[in-house]
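Read through the structure below, which is laid out as structure tokens, and then see the notes.
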């Protein structure tokens, strides 16, 4: 069997530090767990830089490092922390090339997670970056996808926001689209929802529905093949976008674009419009397979 | 201070003063159509530092500043033509294609990095650049920018890492029009010391600034330099006609030689602006 996603990330980072003499910045990197097992056990002398707990300043320090052609990796352990970590990344690093013709490429690892961790640490927050110009947003969930994204970043001179999810770290398999043949309904899945999408497809197909699946790796710019667009256009009922963020962000924006491209109804399903509490009863989780199935069945009946 | 050095500093200050006086004039006449932030009154800080760093330290530092930085740019050797072009909207000659405006001066030639418009972000960004490059770095901020939480957090990290950075607080006592005493009960040189870096509070006199040159870029150091802005926070206007003017004092002390320099720059810079305006 191949490597898990977390082993793949760890190997990429080891090479980034050892072979490319790059730097990795973040808070509490060298703590127990090494960020979900995604970091090699290296220290400041190797380029693994512990920032202070000053979140906003930390993003600025990484931006400054990127100005010196260093191509730093910036680890944000929970995506919600971006509210304080992102300001100088989006306002300076992302604009530097356009305003001063000085590229400032940062590889931002924003790590999503949820389930009993409350309103700040929980879920993905990639929509935070979405409205700002000058950066790219990706959400790799497989080893091959991650390698592809890192290699693309190293050849590029832009800021990358890499929306990761701890739920995918043990994944070894590559997730494929299913767009062949005529479909009743198409699921377009982002981040961790890609795994639940597969389960939902299996349940729905047992019920006699033909379900397509489109995996979104490149969120901004949105990369979706012509064949995928054809699959949505030719579908009977349209498509639904699944996200691990609130729908009033990336998913509704993509839905709007795809509606224009396909003339089909594109629905969205993501986090509920509420804060996540710590207890199971009041948490706010991404859609699971049962919720996806229920939603799609209701949409195909109307 | 040696007279020769003092004259050299006065030359830079004169260049900055006449540049800003013209910018004021053309902003008032609406020939400059973007918001401008003038550094007149504060020019002895950058003029002194640029001269001392060039002559004594013999290094070309990375420069990070924010708005009110025309004098920083000019003192450290930025091309005046490019700055005039920036202010007049001549995008072909401007260093940033007119994207930067007055508040975000950039120059690859002098290692001056642009600013994003959020006060004080140049502090953590400059610290990150210094940490990675290990190059001597000078970071300018105002007394208001110094209050930003991320400035304080970043200063602590720079002190911990013992980076070769000279932090300059251009303290004109005002945030738009709100005085420092209304905003806080602490001083930046004390903050620097609490972070275990050298921190001093001084006037913008070249004599005083020169006293600290032996510490430049050896380790992190913060100089809180008290100064006065001649003009409004933004645009062409004056807070008061009774502002203390270091330029007039230095001109008086240095006598005829300074008067000659003043006249020379007055005429030269006026011509430069007129030449650009003719092309408009």
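Computed from Cα positions, the angle between helix B:3-28 and the longest principal axis of chain B comes to roughly 60 degrees. Once you order the gyration tensor axes a ≥ b ≥ c over the Cα atoms, which shape class does the protein assembly as shown get: rounded for a/c under 1.5, otherwise prolate or oblate by comparing a/b with b/c? It comes out prolate by the Cα gyration axes. Per residue of B:62-69, other chain Cβ atoms within 10 Å of the residue Cβ number 1 on average.
Seen against the Cα atoms of chain B and their longest principal axis, helix B:43-52 is set at about 70 degrees. When the square roots of the Cα gyration tensor eigenvalues are ordered a ≥ b ≥ c, the ratio a/c for region B:1-135 is 1.5 or more and a/b does not exceed b/c, which makes its shape oblate. Going by neighbour counts of Cβ atoms within 10 Å, the residues A:106, A:120, B:191 line up, fewest first, as A:120, B:191, A:106. A Förster radius of 41 Å combined with the Cβ-Cβ distance from residue A:117 to residue B:28 puts the calculated FRET efficiency at roughly 0.10. Pick out which of B:226, B:54, B:95 has the largest mean-square fluctuation in a Gaussian network model of chain B, springs linking Cα atoms closer than 10 Å. So, out of B:226, B:54, B:95, the one fluctuating most is B:54.
Over region A:198-249, the fraction of Cα-Cα pairs per 10 Å bin, rounded to whole percents and listed from the shortest bin up, is 20, 49, 29, 2.
Under the simplified labelling scheme, the residue A:170-residue A:299 pair shows an inter-label distance of 3.0 nm, with each label point 7 Å from Cα along Cα→Cβ. For chain B, a Gaussian network of Cα nodes joined below 10 Å ranks B:33, B:218, B:58 by mean-square fluctuation, and the top entry is B:58. Each residue of chain A gets 137 Å³ once the volume of the Cα convex hull is shared out per residue. Pairwise Cα distances in region A:1-102 exceed 17 Å for 54 percent of all pairs. Region A:239-253 and region A:13-35 have their alpha-carbon centroids 31 Å apart. Could you work out how far the C-alpha centroid of region A:40-85 sits from that of region B:97-140, in angstrom? Centre-to-centre distance over Cα atoms comes out at 18 Å. Of all the options B:187, B:204, B:241, the one that moves most in a Gaussian network model of chain B with Cα springs shorter than 10 angstrom is B:241. Inter-label distance, residue B:215 to residue A:223: 5.2 nm, where each label sits 7 Å from its Cα along the C-beta direction. Neighbour counts of other Cβ atoms within 10 Å put B:178, B:132 in the fewest-to-most order B:178, B:132.
Compute the angle between helix A:250-262 and the longest alpha-carbon principal axis of chain A, please, reported from 0 to 90 degrees and rounded to the nearest 10. Result, in degrees: 50.
Ordered from longest to shortest, the equivalent ellipsoid semi-axes for region A:5-168 are 21, 19, 16 Å, each the square root of 5 times a Cα gyration tensor eigenvalue. Here, chain B yields an orientationally averaged convex hull projection of 13.6 nm² when only Cα atoms define the hull. By other beta-carbon atoms within 10 Å, ranking B:222, B:5 with the fewest at the front produces B:5, B:222. Between residue B:161 and residue B:264, the simple label model (points 7 Å from Cα in the Cβ direction) yields a spacing of 4.2 nm. Shape of region A:187-286 from its Cα gyration tensor (a ≥ b ≥ c, root eigenvalues): rounded if a/c is under 1.5, otherwise prolate when a/b > b/c, or oblate? It comes out oblate by the Cα gyration axes. Within 10 Å of the Cβ of each residue in A:286-297, the mean number of Cβ atoms contributed by other protein chains is 0. Per residue of A:22-28, other chain Cβ atoms within 10 Å of the residue Cβ number 1 on average.
Laboratory data are not the source of any read-out in this text; all were calculated from the coordinates shown. Just so you know, these numbers come straight off a predicted model, no measurement behind them. For neighbour counting, all protein chains shown are included, and Cβ atoms are generated from backbone atoms with ideal geometry for every residue, glycine included.
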